[in-house]
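Visitor: Just passing along the structure, written as structure tokens.
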Amino acid sequence: MKRVVGTLIIIGLLAVGCVKRAPAPGVTDTEVLIGNVQDLSGPLKELGAIIPSGSNMYFQYINDQGGVHGRSIKMLIEDHQYNPQKAVAATKKLVEKDQVFCLFQILGTSPCEAIRPILSETGTPLIAPATNSGTMSDLSREAGDLIFHTDTGYDRQGEILVDYILNQNSDAKIGIVYQDDDYGENVLVGIARAEEEHEITVQKESYQRGAIDFKGQTMNLLKGGCTDVIIAGIVREPVTVMKTAEAMNYKPNFFGTGPTVDARVGKLAGSAGEGFTATYWANMWNSDAPGPILYRELCEKYDIPEPYIGLYHYYGFATAQLLVEGLERAGRNPTRKSLVRGLETFKNWDVGSFPPITYNRNDHAGVDKVQLVQMQNGEQVVITDWLE
Amino acid sequence: MTDLFLGLTQEIISGIALGSIYALIALGFTMIFKATEVVNFAQGELMMVGAYVNFFFVTTFLSAAGTPTAWTFLVALGGSMIFSVLFGYILDFIINRPLKDEPIFSVIMATLSLAIIIRAVVAIIAGPISLMPFSPFGDSAISFGTIIVSVLDLSIIGSAIGLVIIFYYIFHYTRWGIAMQATSEDPIAAQLMGIPIKRVYALVWIFSAVVATLSGILLAPRIALLDTTMGFLGLKAFPAAVLGGFGSIPGAIVGGVILGVIETVSMGTLSFHFQWIKEINDIIAWIVLIAVLMIKPDGLFGVEKVKKV
């Protein structure tokens with residue numbers, strides 16, 4: 001009898017233990033802690049300030065409504081100065097010392113690549129890394145199953161641009177000016193696929209990050225007779241290339257990938273930037289889709305300073321929406337595993353910020369199409385539907 | 001053939017403009033080195049501060065005056081120059097003077113920390129958003145047939161030549177210049193000869209800050225976006241100073257121009273005709289630098305220093 005009672009007590013204790021599990025790191029009754037590593041003092045410090053600010057605006061909106069499952073969201077931000085080694089140290093600190101629940105939005109291709117081993121060792125998911133690199137959604141890479149990418153890859157963007165250009169003019173001679181690093185390499189992967197598909201040769205001109213002069217490259221594009229030029233740069237590069245070309249009286253159609261969709265490109269390039277067309281993988285922040293409408297309302301509600309409002313701030317907001325939905329689906333007592341499982345139930349998830357997003361066990365890619373945004377009379381205008 | 005010739009000419013002219021930027025920064029390096037034997041690694045940051053201060057003045061006067069006129073830019077230039085004189089004097093006071101009798105190495109380390117501090121302070125004051133600097137010349141350009149030079153580039157080339165002539169004259173033909181050279185040679189002997197070396201040091205730092213500010217003002221509109229990373233261009237100008245012969249004023253401009261021309265031509269015509277050049281574009285400047293130093297270890301215009309034992 002004693003033995004039976006003892007066994008029952010042990011079973012009872014075990015059952016209670018199973019119900020009342022140890023909480024996941026970073027999760028308390030009132031709070032979920034999220035880790036973010038940004039460039040706060042390096043070459044991309046502008047994005048490092050603006051993107052998380054957009055996310056914090058949305059977190060505040062959610063927290064004001066009572067949070068996710070009654071928990072408010074708190075985001076810790078560390079600085080990596082766009083340096084992969086520093087990104088590793090900062091991520092370790094967030095995961096091991098601060099015990100964050102998951103990582104979010106880490107900026108830049110190289111920093112995100114560098115922290116893969118930490119993700120796989122600790123099982124920490126990374127949601128919406130702030131890079132367009134197609135490698136982020138490659139499930140065969142280390143920790144691929146823990147990364148959920150939102151943006152259309154640079155390779156896809158390059159490919160779509162070539163398709164578009166040849167559709168407009170089948171005799172087009174295409175040239176590309178690319179940044180000689182992970183970013184440019186990823187664009188070239190797509191360009192190589194397009195070259196094979198259309199049996200064309202794209203003239204390739206490279207530059208080092210930080211270059212301030214593009215006369216040589218522009219001259220070469222002119223000599224090569226390029227009618228359409230893709231610029232895989234950020235802001236300064238497309239501006240300088242287009243101004244240089246204008247001064248040489250060389251007027252090809254200019255296109256840009258990823259970061260060149262920044263509204264300042266057109267503003268800085270002035271008349272040279274008229275007609276510049278860039279790829280974009282989310283709804284425009286000033287469009288009439290439901291996501292951007294909510295975004296603009298919140299900007300007004302929370303008094304966001306004017307220089308912050310725009311494409312990148314909106315991107316921070318939109319990726320935060322995705323994270324919040326993931327946390328919702330992770331359940332009342334979220335674990336890192338349940339967050340991954342929750343995200344993998346996204347099926348054409350659409351709140352009007354990104355195009356519909358589907359994730360499952362075999363697909364963590366998010367958006368895979370772009371729309372083209374063109375500078376017309378100094379304003380950015382969407383000129384196409386979603387191109388795949 | 002004419003295509004090739006025209007292309008090369010255009011690239012060389014652009015290279016001279018780019019090189020003049022390096023030369024202006026290298027000139028700042030050279031000045032401080034010439035008088036104190038210190039390499040000021042914060043030279044690029046001084047330039048960045050100059051660009052920011054000038055931007056501040058231009059926008060302040062613009063909001064007061066409404067439309068930009070030549071006067072707006074001139075008054076802003078004057079304001080920035082006054083600032084740079086004060087800034088140079090303060091830097092001498094807080095960096096150079098307390099370390100006057102320490103090994104030169106300590107002063108060099110201090111300039112490295114100064115660079116980091118300046119970047120941080122400017123980032124805190126100006127915030128994370130990059131600025132869009134105004135060019136006093138707009139986008140205007142002058143064309144000679146098919147060859148095009150922007151007015152901004154011409155003004156950069158002109159300022160580089162002008163400043164080199166002025167400082168060459170000061171260093172070689174004025175009492176203060178000779179005092180500076182003497183101080184660099186042997187500070188103690190110079191002091192014994194009655195040279196006020198504290199004032200000499202202050203003057204050198206002021207000169208250097210003025211040159212840096214001027215180059216910052218000219219360079220800012222050329223790089224389209226002004227942010228704290230502008231200071232890193234100083235690292236590109238450093239090989240220019242070494243190539244020309246560290247401490248030689250004409251050497252700074254020659255070194256800068258050589259590097260600028262190599263960079264533009266190798267990115268342009270050379271890599272158009274020889275694909276493999278593309279692969280080594282980023283190290284080509286360093287290959288030339290090493291080659292020159294192997295033949296002339298003191299740089300092109302450097303003076304071989306012989307020390308008596």
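Visitor: Of (1) out of contact with any Lys or Arg (no Cβ under 9 Å at 6 or more places or on another chain); (2) free of Cβ contacts under 8 Å to residues at least 60 places away in the same chain; (3) crowded, with 20+ Cβ neighbours inside 10 Å; (4) of a type in the set (A, V, I, L, M, F, W, C), residue B:267 satisfies all except one. Which?
Guide: Every condition holds for residue B:267 apart from (1).
Visitor: Only residues that are within 17 Å of the chain's Cα centre (by Cα) and in contact (Cβ under 8 Å) with a residue 60 or more places away in the chain: list them for segment A:271-291, please.
Guide: A:278, A:279, A:280, A:281, A:282, A:283, A:284, A:291 - these are the residues of segment A:271-291 that are within 17 Å of the chain's Cα centre (by Cα) and in contact (Cβ under 8 Å) with a residue 60 or more places away in the chain.
Visitor: Having 3 or more residues that are modelled with pLDDT under 80 and of a type outside the set (Ser, Thr, Tyr) is the bar; report the helices (runs of 4 or more DSSP H) wholly within segment B:210-309 that clear it. Before you say what the answer is, go through the steps one by one.
Guide: Working: elements: B:233-244, B:249-265, B:275-279, B:284-295.
Because the criterion is at least 3 residues that are modelled with pLDDT under 80 and of a type outside the set (Ser, Thr, Tyr), the helices (runs of 4 or more DSSP H) in segment B:210-309 that meet it are B:275-279.
Conditions (1) closer than 29 Å to residue B:106 by Cβ; (2) basic (Lys, Arg); (3) in contact with a His (Cβ under 9 Å, 6 or more places away or on another chain); (4) part of a helix (DSSP H, G or I), marked per residue:
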{"residue": "B:4", "(1), (2), (3), (4)": "no, no, yes, yes"}
{"residue": "B:9", "(1), (2), (3), (4)": "no, no, no, yes"}
{"residue": "B:13", "(1), (2), (3), (4)": "no, no, no, yes"}
{"residue": "B:21", "(1), (2), (3), (4)": "no, no, no, yes"}
{"residue": "B:24", "(1), (2), (3), (4)": "yes, no, no, yes"}
{"residue": "B:30", "(1), (2), (3), (4)": "yes, no, no, yes"}
{"residue": "B:44", "(1), (2), (3), (4)": "yes, no, no, yes"}
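Visitor: I want to confirm something. Restricting to segment A:275-295 and keeping residues that are among the hydrophobic types (A, V, I, L, M, F, W, C) and not in a loop (DSSP other than H, G, I, E, B), which single residue is nearest to residue A:160 (Cα to Cα)?
Guide: My answer is A:278.
Visitor: Any residue at all in segment A:356-371 that's on the phi > 0 side of the Ramachandran plot, modelled with pLDDT under 90 and touching a strand residue (DSSP E or B) at 6+ places or on another chain (Cβ under 8 Å)?
Guide: Yes, segment A:356-371 has at least one match.
Visitor: For segment A:166-184, what are the residues that are assigned to a helix (DSSP H, G or I) and away from chain B (no Cβ under 14 Å)?
Guide: Correct list: A:166, A:167, A:168, A:182, A:183.
Visitor: Would a scan of segment A:56-75 turn up a residue that is charged (D, E, K, R) and under 30 Å from residue A:194 (Cβ atoms)?
Guide: Looking only at segment A:56-75, we keep the residues that are charged (D, E, K, R), and these are A:64, A:71, A:74.
Of the ones still in play, those that are also under 30 Å from residue A:194 (Cβ atoms) are none.
No: segment A:56-75 contains no residue that is charged (D, E, K, R) and under 30 Å from residue A:194 (Cβ atoms).
Visitor: Consider residue B:120 against the criteria (1) at the interface with chain A (Cβ under 9 Å from one of its Cβ atoms); (2) surrounded by 13 or more Cβ atoms within 10 Å (Cβ to Cβ); (3) assigned to a helix (DSSP H, G or I): it satisfies all of them except one. Which criterion is unmet?
Guide: Against the list (1) at the interface with chain A (Cβ under 9 Å from one of its Cβ atoms); (2) surrounded by 13 or more Cβ atoms within 10 Å (Cβ to Cβ); (3) assigned to a helix (DSSP H, G or I), residue B:120 comes up short only on (2).
Visitor: Now, a different point. Out of B:242, B:200, B:204, report the one residue that is more than 23 Å from residue B:137 (Cα to Cα), in contact with a Lys or Arg (Cβ under 9 Å, 6 or more places away or on another chain) and of a type in the set (A, V, I, L, M, F, W, C).
Guide: B:204
Visitor: From the list A:133, A:120, A:137, exactly one residue is at pLDDT below 95, small (Gly, Ala, Ser), buried (at least 24 other Cβ atoms within 10 Å of the Cβ) and assigned by TED's automatic domain parsing to the domain that holds residue A:89. Which is it?
Guide: After ruling out the rest, the residue left standing is A:133.
Visitor: While we're on this one: Spot the failing condition for residue A:75; the list is (1) buried (at least 24 other Cβ atoms within 10 Å of the Cβ); (2) at pLDDT 95 or above, and only one is missed.
Guide: Going through (1) buried (at least 24 other Cβ atoms within 10 Å of the Cβ); (2) at pLDDT 95 or above one by one, residue A:75 breaks only (1).
Visitor: So which pairs qualify, if the first residue must be in segment B:90-114 and under 19 Å from residue B:45 (Cβ atoms), the second must be surrounded by fewer than 17 Cβ atoms within 10 Å (Cβ to Cβ) and of a type in the set (Val, Ile, Thr), the Cβ gap must be under 9 Å, and the two must be at least 6 apart or on different chains?
Guide: As it stands, the answer is B:114/B:94, since those pairs meet every condition given.
Yes/no matrix, rows are residues, columns are (1) among the small types (Gly, Ala, Ser); (2) in a loop (DSSP other than H, G, I, E, B); (3) in contact (Cβ under 8 Å) with a residue 24 or more places away in the chain; (4) closer than 23 Å to residue A:24 by Cβ:
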position: A:57; (1), (2), (3), (4): no, no, yes, no
position: A:63; (1), (2), (3), (4): no, no, no, yes
position: A:87; (1), (2), (3), (4): yes, no, yes, no
position: A:95; (1), (2), (3), (4): no, no, yes, yes
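Visitor: So, one more: Can you tell me which residue is nearest to the other protein chains (Cβ to nearest Cβ) among those in segment A:275-294 that are in contact with a strand residue (DSSP E or B) (Cβ under 8 Å, 6 or more places away or on another chain) and of a type in the set (A, V, I, L, M, F, W, C)?
Guide: In this case the residue turns out to be A:276.
Visitor: Something else now. For residue A:310, only one of the following conditions fails: (1) within 13 Å of chain B (Cβ to nearest Cβ); (2) over 17 Å from the mean Cα position of the chain (by Cα); (3) farther than 28 Å from residue B:149 by Cα. What is its number?
Guide: Only one criterion in (1) within 13 Å of chain B (Cβ to nearest Cβ); (2) over 17 Å from the mean Cα position of the chain (by Cα); (3) farther than 28 Å from residue B:149 by Cα is unmet by residue A:310, namely (2).
Visitor: In the set B:203, B:214, B:270, B:235, which member is within 14 Å of chain A (Cβ to nearest Cβ) and within 28 Å of residue B:120 (Cα to Cα)?
Guide: Details: B:203 fails: within 14 Å of chain A (Cβ to nearest Cβ); B:214 fails: within 14 Å of chain A (Cβ to nearest Cβ); B:270 fails: within 28 Å of residue B:120 (Cα to Cα).
Within the list B:203, B:214, B:270, B:235, the selection yields B:235.
Visitor: Moving to a separate point now. Counting only residues that are more than 19 Å from residue A:129 (Cα to Cα) and either buried (at least 21 other Cβ atoms within 10 Å of the Cβ) or touching a Phe, Trp or Tyr at 6+ places or on another chain (Cβ under 7 Å) (or both), how many does segment A:335-371 have?
Guide: 1
Visitor: Related question: Return the only residue of A:155, A:181, A:163, A:171 being surrounded by fewer than 17 Cβ atoms within 10 Å (Cβ to Cβ) and closer than 30 Å to residue A:317 by Cα. It would help to see each step written out before you state the result.
Guide: On the way: A:155 fails: surrounded by fewer than 17 Cβ atoms within 10 Å (Cβ to Cβ); A:163 fails: closer than 30 Å to residue A:317 by Cα; A:171 fails: closer than 30 Å to residue A:317 by Cα.
Step by step, each of A:155, A:181, A:163, A:171 is checked, and only A:181 is surrounded by fewer than 17 Cβ atoms within 10 Å (Cβ to Cβ) and closer than 30 Å to residue A:317 by Cα.
Visitor: Follow-up question, since we're still on this one. So is residue A:143 among the aliphatic types (A, V, I, L, M), surrounded by fewer than 21 Cβ atoms within 10 Å (Cβ to Cβ) and at positive phi or not?
Guide: Yes, satisfied.
Visitor: Any residue at all in segment A:149-160 that is in contact with a Leu (Cβ under 6 Å, 6 or more places away or on another chain), at pLDDT below 95, assigned to a helix (DSSP H, G or I) and not assigned by TED's automatic domain parsing to the domain that holds residue A:54?
Guide: Scanning segment A:149-160, I find at least one residue that is in contact with a Leu (Cβ under 6 Å, 6 or more places away or on another chain), at pLDDT below 95, assigned to a helix (DSSP H, G or I) and not assigned by TED's automatic domain parsing to the domain that holds residue A:54, so the answer is yes.
Visitor: Whether any residue in segment B:21-42 is touching a strand residue (DSSP E or B) at 6+ places or on another chain (Cβ under 9 Å) and within 14 Å of chain A (Cβ to nearest Cβ) is what I want to check.
Guide: no
Visitor: Test residue A:35 against the stated conditions and say whether it is touching a residue at least 60 places away in the same chain (Cβ under 8 Å), closer than 13 Å to residue A:106 by Cα and surrounded by 17 or more Cβ atoms within 10 Å (Cβ to Cβ).
Guide: The answer is yes for residue A:35.
Visitor: For segment B:124-171, how many residues are more than 30 Å from residue A:47 (Cα to Cα), of a type in the set (Val, Ile, Thr) and within 12 Å of chain A (Cβ to nearest Cβ)?
Guide: 7
The values are calculated or read from the model by the stated rules, or taken from the named source; none is laboratory data. Please read all numbers here as calculations on a predicted model, not as lab measurements. Every residue, glycine among them, receives a Cβ derived from its backbone with ideal geometry; neighbour counts consider all protein chains shown.
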